[in-house]
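Notes follow once the structure below has been shown.
The values are calculated or read from the model by the stated rules, or taken from the named source; none is laboratory data. Computed from a predicted structure; not experimentally measured. When we count neighbours, we look across all protein chains shown, and the Cβ atoms used for this are built from the backbone with ideal geometry, even at glycine. When the accessible area is computed, the model is the full protein with side chains, heavy atoms only, and any ligands, DNA or RNA have been set aside. Shrake-Rupley method; radii C 1.70, N 1.55, O 1.52, S 1.80 Å.
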Amino acid sequence: MLTRREFAASLLGVAGAALLAAAPSRADTPSLNDLARRSGRVFGAAMRADQLAAEPALRKAAAAECGMLTPEIHLKWNSIENRKGSIWYEPVDQLVAFAARNGQKVYGHALLWEQSTPDWALRELKARRNWRLVSDHFERVLGRYGETIEVWDVVNEPIDTQGGRQGLRRNTFHRVFGPGYIAHALETARHYAPRARLMLNDYSFEYDNHVEADRRKTFLRLVADLKGRGVPLDGVGLQAHLDLGKGPLKRPVIAPFMQALADMGLEIYITELDVKERDYRATPQTRDARVADEVARYLDIALDQKAVKGVTTWGLSDRHSWLRIERGDRVDRKRYGNPAPNRGLPYDAAMQPKPMHQALAQAFSGGLT
Ligand code: XIL
C-alpha cells in the first residue's frame, strides 16, 4: 500500500512536489496552515509574546504559517498569578491580540498542571484542601478568555504509570482531592466556559515499549471512564514529543490508539510536536533528515485519523526549543563542535526552514485528492 506521502507525490508529480518543497516565505507559496486547511485541519505553534515582540522574523513566520497559537507559558497558573492575588494578563492579552490581528485561533494551555502551579497555591491546597482555590483560578481565567479561546487543556499530564496510583500521577491535586480531581476539573471548566471544548493533554503515547504501552492503556481507560460517567470531555491533546532514541514509530501501535480515542467521539489535537535528538554527532544535514523522517513517519500515521483536527509544534524555531542536550546523549564536541541547539522544530535557529518544514507540508498535502 502507498503511504500518504507516496500517494500525494504520485498525484502531484514532479512539479507539485517541487511546489511543496519551495521556500515558505514566498507570498505565492502555501503556508503550513494553508496546506493543513485543505483537509479541514489547523497548523499551529507554541509561542511567547516576549519572543514575538523581540523578533521580526519569528513574527513573520508565526503570522504566515500558523492558523492557531498556543501560549507556551502565559496561561499557566504560575504565569497568571505567580504571587497570590497579583494577576498578570499582559502577555496573554498580547498573544491573543497578535492572533486576532492575524486571523488565528488560540489554544488554551493549560488550566491545571502541577508543574506550573505556583508554590503558594500548592501550599494552600495542601493546608486547606479546598477546591475553591482551583475553581477561583478557573473562574478568573475562563471568565476572561473562555469565550475567545475555544479549546482548553483542562488537566495537563494526569498519567503516570510508573510512580502513580492506578496509573494516575500522584500530584498535589490527586493527593488532596483523590482521583476524582480530573472529573471535578472538567466539570468546573464546563461551568465557567459552557461553550469551550475541554481536553486532557498528555505525553509518551507514541513508541513501542512497555512504559508507553501502559500509558496508552491507562489513558484510554481514564478517558472511557470519564465519558462513561458523562463527565464533560470533548477531546484529547497528544503532545507528541517525538524522540529519536525510542526506536521506530509503528502504525500498528499508534493507529489503533488514535482510533480508540476517535471511537469514543473525542477530537484529537497533536499539541506539542517536536523531536528530541539523541545522537548529535552527525552533520546538521543528517540530523535534519533524521528529524524530518521521524515527523513524516508520525504524521503519515496520525493524519490518516480523521479525528485529528490539528497539529501544533512546540515552537517554530530551534532557537527557542525547550529541548536540551541531556546526560547520555551522544555528543562529540571535539570533532563536530557545539551541537546545540536540538534541531527538532521546523525552522533552524536562524529562522531558515528545514526538512522538517517540508515534512509537515508534505504530510498535510497527503490528504489532497
Ligand atoms: C514547557 C515550556 O516549553 C517551557 O518554556 C516552560 O519552562 C516549561 O513548560 N509539556 C507541556 C508544556 O505540557 O507546557 C511544557 O512546556 C513542555 C512539556
Next on the checklist: Any residue that is at pLDDT 95 or above and closer than 16 Å to Leu360 by Cβ - is there at least one of those in the range 252-268?
Outcome noted: no
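For residues in the range 54-75 being open to solvent by 20 Å² or more (accessible area, probe 1.4 Å) and near the ligand (Cβ under 10 Å from one of its atoms), which is nearest to Ala99 (Cα to Cα)? Let's see the steps before the verdict.
Within the range 54-75, the first condition is being open to solvent by 20 Å² or more (accessible area, probe 1.4 Å), and the residues that meet it are 54-57, 59-60, 63-64, 72-73.
Right, trim to near the ligand (Cβ under 10 Å from one of its atoms) and you get 72-73.
Numbers: Glu72: 14, Ile73: 16 Å.
Across the range 54-75, the extreme among qualifying residues is Glu72.
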Checklist outcome for this item: Note on Pro194: of the conditions (1) crowded, with 16+ Cβ neighbours inside 10 Å; (2) more than 17 Å from Ser116 (Cα to Cα), unmet is (1)
Checklist entry - Residue check, Val106 against (1) open to solvent by less than 40 Å² (accessible area, probe 1.4 Å); (2) in a helix (DSSP H, G or I); (3) more than 14 Å from the ligand (Cβ to nearest atom), all met but one. Which one? => result (2)
Checklist entry - Quick one: Phe43 ticks every box in (1) of a type in the set (Phe, Trp, Tyr); (2) at pLDDT 90 or above; (3) more than 16 Å from Thr312 (Cβ to Cβ) bar one, so which box is it? => result (3)
Checklist outcome for this item: Taking the range 203-250 and the residues there that are away from the ligand (no atom under 16 Å from the Cβ) and of a type in the set (Ser, Thr, Tyr), the one that is nearest to the chain's Cα centre (by Cα) would be Tyr207
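Take the residues in the range 143-190 that are part of a loop (DSSP other than H, G, I, E, B) and within 16 Å of the ligand (Cβ to nearest atom), then tell me which one is surrounded by the fewest Cβ atoms within 10 Å (Cβ to Cβ). Let's see the steps before the verdict.
So in the range 143-190, the residues part of a loop (DSSP other than H, G, I, E, B) come out as 146-150, 157-158, 160-164, 166-167, 169-171, 178-180.
Right, trim to within 16 Å of the ligand (Cβ to nearest atom) and you get 149, 157-158, 160, 169, 171.
Details: Ile149: 24, Glu157: 19, Pro158: 26, Asp160: 17, Arg169: 19, Asn171: 20.
Checked the range 143-190; the qualifying residue surrounded by the fewest Cβ atoms within 10 Å (Cβ to Cβ) is Asp160.
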Checklist entry - Can you tell which of Lys60, Lys105 is under 21 Å from Asn201 (Cβ atoms) and charged (D, E, K, R)? => result Lys105
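Among the candidates Asp304, Asp288, Asp300, which residue alone is outside any helix (DSSP H, G or I), more than 16 Å from the ligand (Cβ to nearest atom) and touching a residue at least 60 places away in the same chain (Cβ under 8 Å)? It would help to see each step written out before you state the result.
On the way: Asp288 fails: outside any helix (DSSP H, G or I); Asp300 fails: outside any helix (DSSP H, G or I).
None of the others qualify; the one that does is Asp304.
Kindly indicate whether any position in the range 110-121 is free of Cβ contacts under 8 Å to residues at least 60 places away in the same chain, more than 21 Å from the chain's Cα centre (by Cα), more than 16 Å from the ligand (Cβ to nearest atom) and buried (at least 18 other Cβ atoms within 10 Å of the Cβ). First the steps, then the outcome.
Our first condition is that a residue be free of Cβ contacts under 8 Å to residues at least 60 places away in the same chain; within the range 110-121, this holds for 113-121.
If we keep only those that are more than 21 Å from the chain's Cα centre (by Cα) too, we end up with 118-121.
After this cut, where a residue has to be more than 16 Å from the ligand (Cβ to nearest atom) as well, the list is 120-121.
Add one more test, that the residue is buried (at least 18 other Cβ atoms within 10 Å of the Cβ), and what stays is 121.
Yes, the conditions are met somewhere in the range 110-121.
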Checklist entry - Between a first residue in the range 214-239 that is modelled with pLDDT under 95 and a second residue that is part of a helix (DSSP H, G or I), which pairs have beta carbons less than 6 Å apart while being 6 or more apart in sequence or on different chains? => result none
Item to check | Unmet criterion (only one of (1) within 16 Å of the ligand (Cβ to nearest atom); (2) of a type in the set (Asp, Glu); (3) without any contact (Cβ under 8 Å) to a residue 12 or more places away in the chain) for Asp318 | outcome: (3)
Next on the checklist: Among the residues of the range 92-101, are any among the aliphatic types (A, V, I, L, M), in contact with an Asp or Glu (Cβ under 9 Å, 6 or more places away or on another chain) and more than 16 Å from the ligand (Cβ to nearest atom)?
Outcome noted: no
